[in-house]
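The values are calculated or read from the model by the stated rules, or taken from the named source; none is laboratory data. Fair warning: this is a prediction, and the values are worked out from it, not measured in the lab. FYI the Cβ positions are ideal-geometry reconstructions off the backbone, even for glycines, and counts take in every protein chain you see. Ligands, DNA and RNA are stripped out before the accessible areas are found, and what is left, the full protein with its side chains, is counted by its heavy atoms. Shrake-Rupley method; radii C 1.70, N 1.55, O 1.52, S 1.80 Å.
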Amino acid sequence: RCPSYSAPRRGALKASDPIRPVFCGDGGSGVCFDWRMWDAAEAVQRYLAHLAGPRRASPHTVSAYRGDLGDFLTFLGRLGRHPAEVDHRVLRRYLSNLDTRGLARASIRRRAAAVRGFYRFCQREGMVPGNPAELLALPKAHPRLPHVLKAVEVGRVIESAERRTESQDAPPPPP
């Protein structure tokens, strides 16, 4: 953050205003990312509007991501962090917290996907200089086992096949 830059008053930016990095001419990179210039809840709303609009996501997806990102912001609030101050370790800690709370792996994967998409959007909009979620590894999904017939069900299938071949309506066996 550049010490020569003072952020605009909270609320001075409208939701429709583009959020861009501030060029301050500090003699270094020339670009200052001041996290105080954007509100996290506003950024989430913009991301959700992007999902619902240009991305044409399902209303169910948008609703789920709203809850997931709300939970993520609550987690950051408990840590006293703003989303622009998050690094890879904080994100790993968040996923670990979800696992500790007993969420299913599929739910953790969806929440991680919501956070990854949010940071990709924030980086594209110039709200964060880099994407801390870029290398975030998702927990492996549980492999689903095939449904196996019970012995009684197998017997019924065999009996049905035998009755069919004995009946006169049965088609001739293939050559």
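A few points about this structure:
- Taken together, the residues in the stretch 114-126 that are under 16 Å from residue 87 (Cα atoms) and without any contact (Cβ under 8 Å) to a residue 40 or more places away in the chain amount to 4.
- Condition check for residue 152: assigned to a helix (DSSP H, G or I) and either among the β-branched types (Val, Ile, Thr) or open to solvent by 60 Å² or more (accessible area, probe 1.4 Å) (or both): yes
- Hey, residue 41 surrounded by 17 or more Cβ atoms within 10 Å (Cβ to Cβ) and modelled with pLDDT under 90 or not: no
- Against the test of being open to solvent by 40 Å² or more (accessible area, probe 1.4 Å) and in a loop (DSSP other than H, G, I, E, B), the options 146, 132, 139 yield a single qualifying residue, 146.
- Filtering the stretch 108-151 to residues that are at pLDDT 90 or above, among the hydrophobic types (A, V, I, L, M, F, W, C) and out of contact with any Phe, Trp or Tyr (no Cβ under 9 Å at 6 or more places or on another chain) leaves 108, 151.
- Of all residues making up the stretch 65-86, the number that are within 11 Å of the chain's Cα centre (by Cα) and open to solvent by less than 30 Å² (accessible area, probe 1.4 Å): 3
- Where residue 89 falls short, out of the listed (1) modelled with pLDDT under 90; (2) part of a helix (DSSP H, G or I); (3) basic (Lys, Arg); (4) exposed (fewer than 11 other Cβ atoms within 10 Å of the Cβ): (1)
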